[in-house]
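Encoded as structure tokens, the structure appears first; notes follow it.
Rule-based calculations on the coordinates, nothing more; no lab input. Keep in mind the model is a prediction, meaning the values are calculated, not measured. Don't worry about glycine lacking a Cβ; one is built from the backbone with ideal geometry, like all the others, and counts go over all protein chains shown.
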Amino acid sequence: MPSSKTPYIDEKLFQERLTAFNPEPLVKYDKIKDKQDIEIECIKENNDVIDLAKTNFLNVLNNDDIKNKSEEIIRKYGVGTCGPRAFYGTTDIHLKLEDHIAKFLNMDEAIVYSYGFVAISSSIAAYCKKSDIVFTHRDCNIAIKQGLQMAKSKVIYFDHGNTDSFTTEVEKIVESEKDKKKLARKFLIVEGVSWKTGQIVCLPELLKVAEENKIRVFLEESYSIGILGKTGKGLLEHFKIEPYRVDLIISTLESAIGSIGGFCAGSHTAIEHQRLSGNGYIFSASLPTYLVQACIESINLITEETAKKLKVLSEHFHSTLTEIGYEVLSDPLSAFKVFTINEKDEEKKRYKEQKVYQFCKNNGLYLIYQENGLIANLNITLADHKEKYAKVQNILSDAFSQ
């Protein structure tokens, strides 16, 4: 018999109600695919297969030294801390990575999150509030949109590749606030390289407008760190801009770094604020230590030599696509290539893109096919292996002319 202090539960009634419990789904779908209908494919690279679908710009995913160092960390620390950073989720390796990132980017401090998407969205929500005004571009990535949704700020969109569009929107806001005593805080959140088009933003012009109007600047650098700049330090180095002119650099560690997680880098005050206000930092288990070590080793591989190789490869691949006849949306310097078929009829265009994608796949060249076109994530090994590059070129050429 249960004690007088223990509430009595009718087990039979409990089981009946549990069986009858049928809650509505949190998200309603018109159609849910069965497991067998979802295409899952494990791509194993060899002499016959070239994978340009995954983001492996510096070929760190195939680096045996990084794998060995990660294995050593697993043997010492285990596979994960299972706790948030503020409790028992911080190790000396986490602190070493944060210091490593800060020094690499010439920033005061850095903070590491366990997931790239959350690093972007949480950092935005930690600073931007309902009363603030945020300028960002129309095609910004989902992580930025999620952060803005959580912040509930007033969002004003402009065109990523059009600085005049940004200037016009700022002028409208300045004019509307002319007679107000208290002005709204303003933020500019922009991707260095657009996740949708691969275009590089003209940061110097945006910064000039932002500084004239006291707008804080957050720069999202997932597709520029490790790729752009003389030594791969990203967009600030590419445009020779002093780091202090940007309030926060946000990036995933899942692009050129080739690991998991994300980070923010900035002033001491900006980073400390996130340790108390970044939901993804406070409530998420910390990044597994072996993945932290993999990040450190990957950053060590970013040098002037790798940056130069990627630059030459990116420009060469851009020219190759153009000569074949593809319409290339991305910047020549971007290692994240977005290209499509020059066709006015949208239905025919999609059909031709699908044919190109399937032809390449059938011949051992893996790309990404999405609503904006085809994506090829370049791998630095293509710069060293002429036969491999020639194979990619021939497959893309044959796919276009089929």
Q. Under the Karplus relation 6.51 cos²θ - 1.76 cosθ + 1.60, θ = phi - 60°, what is the ordered set of whole-Hz ³J(HN,Hα) values for region 257-274, x standing for Gly and Pro?
A. 6, x, 10, 10, x, x, 8, 10, 9, x, 6, 4, 5, 5, 6, 4, 4, 5
Q: Mind sorting Met150, Met107 by how few other Cβ atoms lie within 10 Å of their own Cβ, fewest first?
A: Met150, Met107
Q) Once amide H atoms are built 1.01 Å from N in the peptide plane, which residues 5 or more positions from Val217, or in another chain, come under 5 Å H to H? A) Leu188, Asp247, Leu248
(Q) Taking the Cα centre as origin and putting +1 on Lys and Arg beta-carbons and -1 on Asp and Glu beta-carbons, what dipole magnitude results for the chain, to the nearest 20 debye? (A) 920 debye
Q | Karplus-derived HN-Hα couplings along region 69-84 (A = 6.51, B = -1.76, C = 1.60, θ = phi - 60°), whole Hz, x at Gly and Pro | A | 5, 5, 5, 4, 5, 4, 5, 8, 10, x, 8, x, 8, 6, x, x
Q. Given springs between every Cα pair under 10 Å in a Gaussian network model of the chain, which of Ser165, Ser330, Ser121 has the largest fluctuation?
A. Ser165
Q) Summing +1 for each Lys or Arg and -1 for each Asp or Glu, what net charge is found among the other residues whose Cβ lies under 12 Å from the Cβ of Lys76? A) -1
Q) Which one of Gly261, Gly364, Gly198 has the biggest mean-square fluctuation once the chain is modelled by GNM with Cα springs under 10 Å? A) Gly364
Q: Mind checking the full-extension length gain between Asn213 and His385? Use 0.36 nm per residue of separation minus the Cα-Cα distance, one decimal, nm.
A: 57.0 nm
Q. On full extension of the chain, what length is gained from Lys240 through Asp159, given 0.36 nm per residue of separation minus the C-alpha to C-alpha distance?
A. 26.8 nm
Q. Between their Cα atoms, which of Lys130/Lys186; Lys230/Lys311; Lys348/Lys388; Lys69/Lys308; Lys145/Lys178 are more than 19 Å away from each other?
A. Lys348/Lys388; Lys69/Lys308; Lys145/Lys178
Q: Would you order Asp398, Asp179 from fewest to most other beta-carbon atoms within 10 Å of each residue's own beta-carbon?
A: Asp179, Asp398
Q.
Once R0 is set to 41 Å, what does the formula 1/(1 + (r/R0)^6) return for the Cβ-Cβ distance between Thr90 and Asp179, expressed as a FRET efficiency to the nearest 0.05?
A. 0.25
Q: Rounded to the nearest 500, what is the 222 nm mean residue ellipticity of the chain from helices alone, with -39500 (n - 2.57) per DSSP H run of 4+ residues and division by all residues?
A: -13000 deg cm²/dmol
Q: With springs connecting C-alpha atoms under 10 Å apart, model the chain as a Gaussian network and identify which of Ala86, Ala294, Ala285 has the largest mean-square fluctuation.
A: Ala86
Q: Taking the Cα centre of region 64-300 as origin, work out the dipole magnitude from +1 charges on Lys and Arg Cβ and -1 charges on Asp and Glu Cβ, in debye rounded to 20.
A: 740 debye
(Q) At R0 = 30 Å, how high is the FRET efficiency between Thr303 and Asn394 if r is their beta carbon distance? Nearest 0.05 is fine. (A) 0.45
Q: Of the listed values (1) 1.03; (2) 1.31; (3) 0.94, grab the one calculated as Rg/Rh (Cα atoms, Kirkwood Rh) from the structure here.
A: (1)
Q.
Can you sort Asp132, Asp48 from fewest to most other Cβ atoms within 10 Å of each residue's own Cβ?
A. Asp48, Asp132
(Q) Given a Förster distance of 56 Å, report the FRET efficiency between Asp99 and Glu11 from their Cβ-Cβ distance, rounded to the nearest 0.05. (A) 0.50
Q. If the cut-off is a Cα-Cα distance under 28 Å, which lysines reach Lys344, setting aside same-chain residues fewer than 8 apart in sequence?
A. Lys196, Lys352, Lys355, Lys361
**Q.** Between region 324-350 and region 191-261, the alpha-carbon center distance in angstrom
**A.** 24 Å
Q) Using the Cβ atoms and a cut-off under 12 Å, what net charge is assigned to the surroundings of Gly198, where Lys and Arg are +1 and Asp and Glu are -1? A) -1
